[in-house]
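The values are calculated or read from the model by the stated rules, or taken from the named source; none is laboratory data. Keep in mind the model is a prediction, meaning the values are calculated, not measured. FYI the Cβ positions are ideal-geometry reconstructions off the backbone, even for glycines, and counts take in every protein chain you see.
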Amino acid sequence: MFKFSGQGSITNCDGISRRDFLQAGALGAIGLTMPGFAKLKAEGKVDSKKSNKACIMIFNLGAPSQQDLWDMKPDAPSEIRGPFKPIRTKSNAFEISEILPLHAKIADKFSLVRSCYHTAAAVHDTGHQMMQTGRLFTGGVNTPHVGSALEFLQGRRSDLPAHVILPESMGPTGGNMPHGQDAGFLGKAYDPFVLNADPAVKDFKVPDLLPPKEIGEVRLERRRELRELVDSSVRNFEYSEQAKLMDSNFESAYRIMTSTQAREAFDLTKEPLKVRERYGMNRFGQSCLLARRLVERGVRFVTVNTFITVFGEITWDIHGSKPFTSIEGMRDIVAPMYDQGYSALIEDLFQRGMLDDTMVTCLAEFGRTPKINPAGGRDHWPNCWTVNFAGGGIKGGEVIGKSDDIGGYPTERPVAPKEIVATIYQALGIDLTTELPGPQGRPYPVVDFGTQAIKELFA
Amino acid sequence: MTFRSFIAFAALTSAAAAEAPSFRNTIQPILTRYGCAMGACHGAAAGQGGFRLSLRGFDDEGDWISVTRSANGRRLTMEDPARSLFLLKAVKAVPHKGDKRFEVNSPEYKAIADWIAAGAPGPKASDPLIVALDVEPKQLVTKPGVTMSLKVTAKFSDGHSEDVTRWAKYNGVNASVATVDEHGVVKTTGRGETVISAWYLSRLAVSTLVVPSDAALDEPAFAQMKPRNFIDEQVLTKLRALNIPPSGRAEDHEFLRRAFLDTIGVLPSLEETRAFLADKVTDKRDRLIETLLQRPEFVDYWSHRWSDLLLVNGDKLMPQAMWSYYNWIRRNVAANTPWDVMVRDLLTATGSTLENGAGNFFILNDEPTKCAETISVAFLGTSIACAKCHNHPMEKWTNNEYFAFANMLSRVRTKNGAQADERVLFSAADGELVQPLTGKPQAPHPLDVTTAVSMTSTEDRRVPLAKWLTSTDNKLFQRAIVNRVWANFFGSGLVEAVDDLRVTNPASNEPLFAAACEHLVKQKFDLKALMRTILQSETYQRSSITLPENITDLRYGSHYVPRRLKAEILLDTVSQVTAAPTTFKIDKRNANKGTSESYPMGFRALQLPDSNIASYFLKSFGRADRVNTCECERTNEPSMAQALHISNGDTLNQKLAQKDNRLDALLASKLGNEKIVEEAYLIALARLPTEREITKTSAMLATAKPEDRRTTLEDIFWSLMGSKEFLFNH
């Protein structure tokens, strides 16, 4: 069934049908990978023409300051406008901060939404929930991340999981683990595959993707057979959700480890050094590059977390005091890294003709206070911030919405997080009235009823 | 509430106050009920549109000033209340971002108009204060598809009561059983049990709804269940009420493996398994329980458990201090110190942090509010963090209580000791924590207690704090520890989410919870006694095999719920089965790289004092990082990374391939193939192989070429350790 060479490396697996995999796993509770898709397609809820669309969501954990980056207020008093100056860009519609010079050169490719806001508490977690799922988690309802909903609705396009998180899930930003990063009520079977490794380290490889050399085809088959023998002897587990999940994880693991395509996708050494360097030889840059490779090979949704924590790391969370970051830290470390990685990704996708089918969106959980605080930083501010979109059928070089003179509140076209999420769904070809099976099997529309995508963004 | 009852309400209030509606008791509830004072609107920390209210109206004085005085008093028009901006906005007669909140001439509109007409009087010291909130029905057994209204009554300090159904805020815990709307109308949607909470003036009341299964009660199944102790009695009563039949008793081998893993975190050895299975005495399970409670591994297991709770962490503490903290925990576990004594010693620790390891608790929690929050989560299973900025929105904790409690910890100080890395902990004679709302220190007192500790006394405030915390009157203290111990043996607590005890998150079996707490108090907080009672119960000894009628039950004890072994135990059992110990590298930055220093060979993961160990295995299987006091730090959820690691990772594969491990010993033993397979099964799964297993597996060994014999056995062991039966406790 699996074709392995004597050295244990896999020579061919692409010929294997899905059914073979199901049998290979011989595990209960599968059929997890291509569930309601056919049905939804039949009902016309999914536009199959768009199902090769993909999305890369760059999540700017910590939250960048709009006044210092993409919504500058040069005419405001110094404690508002901050230390940086705007520069002209390739777009006639907007200027951008001098600390993002490479963004300026590709400003015709992306558009800014300068009027995003939310009304929940000004803590990281609320924004993480809403920006990744479209909803605040109230009443114990954990809404799925867009990427997980997509995996549920459209299944996988290749041996690779439909939704991958690079390089790691976000860690705690206060009390809890941030919510909104996983499949929520859809169940853990639709949780994203989390890389859990730094693609910038020298001999980067996906942890445990391939069997050790000495375990060849014969032994792998033997192990699988023996494991099935043990598992079929006890019937204590059939009903346990955790056990079903363990089974489906083993199935996915078999599938990914026997796939040439999967191995290729994660192999950054296949990229010319020049390309790797263009993205930046750091965790963020190489994650962006890896995101492109994954999308090229059929991954539908990649979430790139720019940072993993806001504590003790130089991040966008520029409170000005320890353990957070200073404005200078952002200027000298964060912005250059981000500028390089993002611009490389957009250029690369464009040059490869992938940008039309791949939406790249850069989100954050909130903005930052218009007024610089006594520590010389800016604090949390959910009342107004800027997000950006490129590719996936949207127009570049535009500005949607407007903030007031200090970047404190939207004055034109306020945009709520659910509209951002609706925009992503739309770009991915998901009808906004599509229903997911919510808690206790209740129908749950992907976004609140009546929510619209940001139409002005689309060409 | 009908309009008529509102009139009655208005009449009552006016009769009570004989004047205008009270700001505190009439206007504030309206502002909360209609969302004005909620976090998304004016209750946000910065207010909304320049108008700021306290979240859910916890600050009467401040809100009154906001409504009547702020913005130059433009919100109210005393001579013509209907023209007040306050009302015009609420009914959206002028543009209002928050939309229309209620109708013109609605009861709330009139109440506010009357209040303005009366000169908008502020809160007064003489206002009656709410003393109790009551909801009817308190408990109801009903069917799916039923609709009914709740009735909420508030009692005040002047003796009068009001029907406040219309102004209460409602919340349902489990929408699959029942939903509640904003008017307090409940609809049952499915079967099971749920709780609806009603909130009014920072008070909470709950109504429990039970929708039992409608199948005929399986009387014979219940009749043959002989309760061993109070746990079984209470569980059976509950199961009867819900009409869920219990599963039968677990087999001896299942109980053996289960009790070992849940109590001491190791597998029974080959000899122990053989002996136990062969033993014919009737009380062998009780005897096993006694042995387990006395085993040295018991100390490892529970020291590890409490080290998770108390955050023993080499990234935050210097090595000597970390060891001193850990050894303090170990000594107490070994001596089976009563839980109340142990906590009291911890919270009143003074002196050198190297000599008295307990003091490191205060090094990790070096600030009064943080310390108060940690104490509350760790020992009361309750989060009070919300109340730092405002009254807890869903619970009873107020902002004042929070600062009163934190002020109990404001005099803890440290100074440098004589040796490097030594800190000396002491209580200063002065120092106060300021309540930011008033700018003054809040008179210190423990939670839920109204008499303050003297502010001038120089006694260490932690002494009365610890005394109150561990007193037998403090139900939360008992509930928290009972729930933690319960969760260890049953996978989830009597209150699910072990450290989330609150009125609105009730126990799956409240009488059982109360009885278990009483039992613990009677046993003088002897945790081993509680564990013994749990282990001996028929409930714990039930099979994990379900019946069609109890398959969906995960909370009420009708069967044992299988669950994945936690990271450390899994790693230890893999080492135990292969007889190939793990090397643990000390990891200064917790980056999973490790330094050159290692723990002595043979250390088990459960014996590590510290979570700061480089281990991909432990990390991907979800160990706790010990940064925050929260059960959520640990996860036992399976993931694809785990499946990949079991298949391809270096943990199982290296241990299987290691020289002179268990496999080599078996191959060298001259045992026949069938015997080898039998031993492998007994070692890994504590059971004999089935006919089919032994035939197929021993045939594989028999037909293997000599050079492939070892790898065949490796694959047999791999399949045992990769099976769900191994990865799970069941």
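Of the residues making up the range A:403-419, those that are surrounded by fewer than 17 Cβ atoms within 10 Å (Cβ to Cβ) and in a loop (DSSP other than H, G, I, E, B) are A:Asp404, A:Asp405, A:Tyr409, A:Arg413.
Go over the candidates B:Ala120, B:Ala125 one by one and state the one that is assigned to a loop (DSSP other than H, G, I, E, B) and at pLDDT 90 or above.
Values: B:Ala125 fails: at pLDDT 90 or above.
Residue meeting the stated conditions: B:Ala120.
Residues in the range B:403-417 that are of a type outside the set (A, V, I, L, M) and in a helix (DSSP H, G or I): how many? Final tally of qualifying residues: 3.
Among residues belonging to the range A:420-444 that are away from chain B (no Cβ under 14 Å) and assigned to a loop (DSSP other than H, G, I, E, B), point out the one that is surrounded by the most Cβ atoms within 10 Å (Cβ to Cβ). Give the derivation first.
As a first pass, look at the range A:420-444 and keep what is away from chain B (no Cβ under 14 Å): A:420-436.
Now narrow it down to the ones that are assigned to a loop (DSSP other than H, G, I, E, B): A:428-429, A:431-434.
Numbers: A:Leu428: 25, A:Gly429: 19, A:Asp431: 17, A:Leu432: 19, A:Thr433: 12, A:Thr434: 19.
Among those that are away from chain B (no Cβ under 14 Å) and assigned to a loop (DSSP other than H, G, I, E, B), it is A:Leu428.
Can you confirm whether B:Asn509 is more than 14 Å from chain A (Cβ to nearest Cβ) and buried (at least 19 other Cβ atoms within 10 Å of the Cβ)?
Taking the combined requirement at face value, the residue satisfies it.
Here the condition is being at pLDDT below 70 and out of contact with any Gly (no Cβ under 6 Å at 6 or more places or on another chain); of B:Phe58, B:Phe51, B:Phe6, it holds for B:Phe6 alone.
One line per residue, one yes/no per condition, for (1) surrounded by 13 or more Cβ atoms within 10 Å (Cβ to Cβ); (2) of a type outside the set (A, V, I, L, M):
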| residue | (1), (2) |
| --- | --- |
| B:Arg74 | no, yes |
| B:Glu79 | no, yes |
| B:Gly98 | yes, yes |
| B:Ala113 | yes, no |
| B:Lys124 | no, yes |
| B:Met148 | yes, no |
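In the range B:13-47, which residues are at pLDDT below 50 and surrounded by 15 or more Cβ atoms within 10 Å (Cβ to Cβ)? Give the derivation first.
Narrowing the range B:13-47 to residues at pLDDT below 50: B:13-18.
Matches in the range B:13-47: B:Thr13, B:Ser14, B:Ala16, B:Ala17.
Every condition in (1) part of a loop (DSSP other than H, G, I, E, B); (2) crowded, with 24+ Cβ neighbours inside 10 Å; (3) within 14 Å of another protein chain (Cβ to nearest Cβ) holds for A:Phe137 except the one numbered (2). One residue stands out in the range B:595-621 among those that are surrounded by fewer than 18 Cβ atoms within 10 Å (Cβ to Cβ), small (Gly, Ala, Ser) and in a loop (DSSP other than H, G, I, E, B): the one that is modelled with the highest pLDDT, namely B:Gly602. Six or more apart or on different chains, Cβ atoms under 6 Å: show the pairs whose first residue is in the range B:485-506 and closer than 22 Å to B:Leu261 by Cα and whose second is among the aliphatic types (A, V, I, L, M) and in a loop (DSSP other than H, G, I, E, B). So the pair list comes out as B:Trp486/B:Leu494; B:Ala487/B:Val498; B:Gly491/B:Val561; B:Leu494/B:Ala507.
Is it the case that A:Pro199 is buried (at least 23 other Cβ atoms within 10 Å of the Cβ), in contact (Cβ under 8 Å) with a residue 60 or more places away in the chain and under 14 Å from B:Met640 (Cα atoms)? Walk me through it before giving the result.
Details: buried (at least 23 other Cβ atoms within 10 Å of the Cβ): yes; in contact (Cβ under 8 Å) with a residue 60 or more places away in the chain: yes; under 14 Å from B:Met640 (Cα atoms): no.
Against the criterion (buried (at least 23 other Cβ atoms within 10 Å of the Cβ), in contact (Cβ under 8 Å) with a residue 60 or more places away in the chain and under 14 Å from B:Met640 (Cα atoms)), A:Pro199 does not qualify.
Considering only the range B:159-220, give the strands (runs of 3 or more DSSP E) lying wholly within it that have at least 1 residues that are buried (at least 16 other Cβ atoms within 10 Å of the Cβ) and among the aliphatic types (A, V, I, L, M).
Result: B:178-180, B:185-188, B:192-200, B:203-211.
Restricting attention to the range A:237-261, the residues being within 7 Å of another protein chain (Cβ to nearest Cβ) and farther than 19 Å from A:His163 by Cα number 5.
Just so you know, in the range B:339-362 the residues that are touching a Ser or Thr at 6+ places or on another chain (Cβ under 6 Å) and within 17 Å of B:Pro319 (Cβ to Cβ) include one that is surrounded by the fewest Cβ atoms within 10 Å (Cβ to Cβ), and it is B:Leu354. Is at least one residue of the range A:163-170 over 24 Å from B:Asp650 (Cβ atoms), outside any loop (DSSP other than H, G, I, E, B) and within 13 Å of chain B (Cβ to nearest Cβ)? Yes: the range A:163-170 contains one or more residues that are over 24 Å from B:Asp650 (Cβ atoms), outside any loop (DSSP other than H, G, I, E, B) and within 13 Å of chain B (Cβ to nearest Cβ). A:Arg224 meets the conditions (1) closer than 30 Å to B:Tyr681 by Cβ; (2) away from chain B (no Cβ under 14 Å); (3) charged (D, E, K, R) in every case but one. The failed one is (2). Per the conditions (1) within 20 Å of A:His103 (Cα to Cα); (2) under 18 Å from the mean Cα position of the chain (by Cα), the sole criterion not satisfied by A:Ile400 is (2). Note on the range B:698-730: residues that are more than 7 Å from chain A (Cβ to nearest Cβ) and assigned to a helix (DSSP H, G or I) total 17.
Of the residues screened, A:Val234 is one that is in a loop (DSSP other than H, G, I, E, B), at the interface with another protein chain (Cβ under 7 Å from one of its Cβ atoms) and under 26 Å from B:Pro548 (Cβ atoms). With respect to being among the polar types (S, T, N, Q) and within 14 Å of chain A (Cβ to nearest Cβ), B:Thr237 falls outside the description.
Within the bounds of the range B:166-178, is there any residue that is away from chain A (no Cβ under 14 Å) and over 26 Å from B:Val495 (Cα atoms)?
Taking the range B:166-178 as the starting set, the residues that turn out to be away from chain A (no Cβ under 14 Å) are B:166-168.
Going one step further and asking which of them are over 26 Å from B:Val495 (Cα atoms), we end up with B:166-167.
Yes, some residue in the range B:166-178 is away from chain A (no Cβ under 14 Å) and over 26 Å from B:Val495 (Cα atoms).
For the range A:70-90, the tally of residues that are touching a strand residue (DSSP E or B) at 6+ places or on another chain (Cβ under 8 Å) and either in a loop (DSSP other than H, G, I, E, B) or acidic (Asp, Glu) (or both) stands at 7.
State whether one or more residues within the range A:284-294 are within 14 Å of chain B (Cβ to nearest Cβ) and surrounded by 17 or more Cβ atoms within 10 Å (Cβ to Cβ). Step through it out loud before you land on a result.
Here is the first cut: in the range A:284-294, the ones within 14 Å of chain B (Cβ to nearest Cβ) are none.
No, the range A:284-294 contains no residue that is within 14 Å of chain B (Cβ to nearest Cβ) and surrounded by 17 or more Cβ atoms within 10 Å (Cβ to Cβ).
Annotation: B:Leu671 fulfils all but one of (1) aliphatic (A, V, I, L, M); (2) part of a loop (DSSP other than H, G, I, E, B); (3) within 14 Å of chain A (Cβ to nearest Cβ); the unmet one is (3).
For the structure I just gave you, tell me whether A:Thr126 is assigned to a helix (DSSP H, G or I), within 14 Å of chain B (Cβ to nearest Cβ) and β-branched (Val, Ile, Thr). Answer is yes for this residue.
Looking at A:Lys49, is it at pLDDT below 95 and of a type in the set (Lys, Arg)? So A:Lys49 fits the description; yes.
Among the residues of the range B:629-660, those identified as more than 7 Å from every other protein chain (Cβ to nearest Cβ), part of a helix (DSSP H, G or I) and modelled with pLDDT under 85 are B:Glu631, B:Glu633.
Condition check ((1) closer than 30 Å to B:Tyr560 by Cα; (2) assigned to a helix (DSSP H, G or I)) across all residues:
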site	(1), (2)
B:Ala420	no, no
B:Ala429	no, no
B:Ala452	no, no
B:Thr458	no, no
B:Lys467	no, yes
B:Leu476	yes, yes
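Every condition in (1) crowded, with 22+ Cβ neighbours inside 10 Å; (2) under 18 Å from the mean Cα position of the chain (by Cα); (3) of a type outside the set (A, V, I, L, M) holds for A:Asn142 except the one numbered (1).
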